[in-house]
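Since every read-out is calculated from the coordinates, none of them should be taken as a lab result. A quick note: this is a predicted structure, and the numbers were derived from the prediction, not measured.
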């Protein structure tokens, strides 16, 4: 399974937005940019989990 987008949920008001994985996200995971194919499930989960662990005091929660 491959993912082309991720969710960014605002904690205080509960709004969420669907954000596409961009070139910087693929590069951060060491992958070639492939927007139509998407990011593999393993790398997508690793990236989202990393964001959630790094941004504990922030106003967003990330998910797939």
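Among (i) 85, 21, 16; (ii) 34, 20, 19; (iii) 55, 33, 11, only one was calculated for this model; which label is it, if the read-out is Cα extents along the principal axes in Å?
Answer label, from the structure shown: (ii).
On a 0 to 90° scale, report how tilted helix 41-54 is relative to the longest principal axis of the chain, with both axes built from alpha carbons and the result rounded to the nearest 10.
Computed tilt is about 30 degrees.
List the relative contact order of the stretch 2-63 as a percent without decimals, with contacts defined as Cα pairs under 8 Å and 6+ residues apart.
44 percent.
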